[in-house]
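Take a look at the structure set out below.
The values are calculated or read from the model by the stated rules, or taken from the named source; none is laboratory data. What you see is a predicted model; the values in this text were computed from it and never measured. Ideal geometry is used to build each Cβ from the backbone, glycine not excepted, and the neighbour counts take in all protein chains shown.
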Amino acid sequence: MPPAILGGAPAFPDGPPRWPRPDPATAAVLAAAAADGSWGRYHGPHVPALEADLAALHGVPHALTCASGTLAVETALRALRVGPGDEVILAGYDYEPNFLTVHAVGALPVLADVAPHNWNLDPAALDAAASPRTKAVLCSHLHGGLVPMPAVCAWAAARTVGVVEDASQATGATIAGKPAGTWGDVGTLSFGGTKLVTAGRGGALLFRERAPFQRARLWLHRGTQAWAPLGELAAALVRPQLAALAEGTVRRAGRVARLLRELAGVPGLTPFENVVDGVPAFYRVGFRFDPGAFGLTRAVFVAALRAEGVAFDAGFTSLHLGRSPSRFRAAGERPEVTAAGLGCVGLHHPVLWGDEEDVLRVAAAVRKVYAAREEVRGKL
Ligand SMILES: *Cc1c(COP(=O)(O)O)cnc(C)c1O
């Protein structure tokens, strides 16, 4: 059977599963909001209830919601008083808007190396990135990877440097016994349309201390008026998803374990590994792709799996590429950042909600493409 990219039948003829997934809880929230009019209010019950849920779920005293995860990251930096003249350390392989958000508050991004085993921020790279101007570390848990937060927090505490922990891709994860997003001085979440918990748009902040919480709340208001809030309806839609999050995290982790067992013999596709103890949340399942070993370029691999109806993507572009050197400070050689930008692939999460059969089909599609690699290379 040829792979779909050469005209064979795709593994998933209807393409990747839809997200957000069809859920009776969503329909119930929409009907209830239509009936009670809460969808159309400035101040209703849902936003305060969601903020209370977020705080309780994460075991922190304070949570805030806002219009996006990107705004949450900006608000977090402002809550730590990051501003002009300051430096913020982040991974050289990271979500590009986070880099731009450091500029948005007037600070300079400093790009640190990532760890070879999961291409997430490497705490061992912080020393090389530090300077007297370092005000904060901004770390994201990416593609099922977990940043070793105990090490990052210990490093930062010894220098009175703040920590923003972006758990947008790790909502529901646990690191060394604590929820992702609660290690940093401020944690951030996203409820964007592709995220594990979604309202189409939206974000949240988590705080252990009262002072940054108050600064964040002040920043998000003009007097009594919130200028970029989460809407009441969005908050109502997030609440049942949050209640189901723990179950979803376990389910996805089980599917990923099965998938990785099935893919174990495929050359050139090495799953991310975490060195810190924890339970990852899989917004994406990250892999280090080696074109030489697999026998296809990364772009062709992704195109071939997409043709199968499997939502593989290339990862991010390394942040230093194509950018004026005046826009960042580069800390050291950062060999893994370059490798990550060229070699990362990720499988998008919706297929992990399905039956075990679905991940077996994903694995079979990968093996089919691998088996046909020479033919694919010859024809493309
Ligand atoms: C999605 C995401 C965000 C925030 O995204 P919004 O679309 O603005 O809610 C922040 N960081 C990471 C790592 C993300 O994946």
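Some observations on this one:
- Selection from segment 4-39 of residues that are within 28 Å of the chain's Cα centre (by Cα) and acidic (Asp, Glu): 14, 23
- Of the residues making up segment 79-101, those that are surrounded by fewer than 19 Cβ atoms within 10 Å (Cβ to Cβ) and either touching a helix residue (DSSP H, G or I) at 6+ places or on another chain (Cβ under 9 Å) or at negative phi (or both) are 81, 83, 84, 96, 97, 100.
- For residue 46, the conditions (1) surrounded by fewer than 23 Cβ atoms within 10 Å (Cβ to Cβ); (2) at negative phi; (3) away from the ligand (no atom under 16 Å from the Cβ) are fulfilled apart from (1).
- Of all residues making up segment 49-70, the number that are within 16 Å of the ligand (Cβ to nearest atom) and either of a type outside the set (A, V, I, L, M) or buried (at least 21 other Cβ atoms within 10 Å of the Cβ) (or both): 9
- One residue from 247, 232, 262 being more than 19 Å from residue 194 (Cβ to Cβ), at pLDDT 95 or above and under 19 Å from the mean Cα position of the chain (by Cα): 247
- Condition check for residue 312: away from the ligand (no atom under 16 Å from the Cβ), surrounded by 23 or more Cβ atoms within 10 Å (Cβ to Cβ) and under 18 Å from residue 255 (Cβ atoms): yes
- Matching option when the condition is surrounded by fewer than 23 Cβ atoms within 10 Å (Cβ to Cβ), in the same structural domain as residue 345 (by TED's automatic domain parsing), farther than 28 Å from residue 200 by Cβ and away from the ligand (no atom under 16 Å from the Cβ), among 253, 304, 257: 257
- Exclusive hit being assigned to a loop (DSSP other than H, G, I, E, B), more than 18 Å from the chain's Cα centre (by Cα), among the charged types (D, E, K, R) and within 20 Å of residue 206 (Cα to Cα), set 159, 81: 81
- Of all residues in segment 310-327, those satisfying the criterion of being touching a residue at least 24 places away in the same chain (Cβ under 8 Å) and under 22 Å from the mean Cα position of the chain (by Cα) are 310, 311, 312, 313, 314, 315, 316, 317, 318, 319, 320.
- Any hit, segment 314-331, residues being in contact with a Phe, Trp or Tyr (Cβ under 8 Å, 6 or more places away or on another chain) and either in a helix (DSSP H, G or I) or assigned by TED's automatic domain parsing to the domain that holds residue 101 (or both): no
- Inclusion of residue 230 among residues that are farther than 18 Å from residue 163 by Cβ, in a helix (DSSP H, G or I) and of a type in the set (A, V, I, L, M) is not warranted.
- Within segment 177-217, being basic (Lys, Arg), over 30 Å from residue 17 (Cα atoms) and in a loop (DSSP other than H, G, I, E, B) holds for one residue alone: 208.
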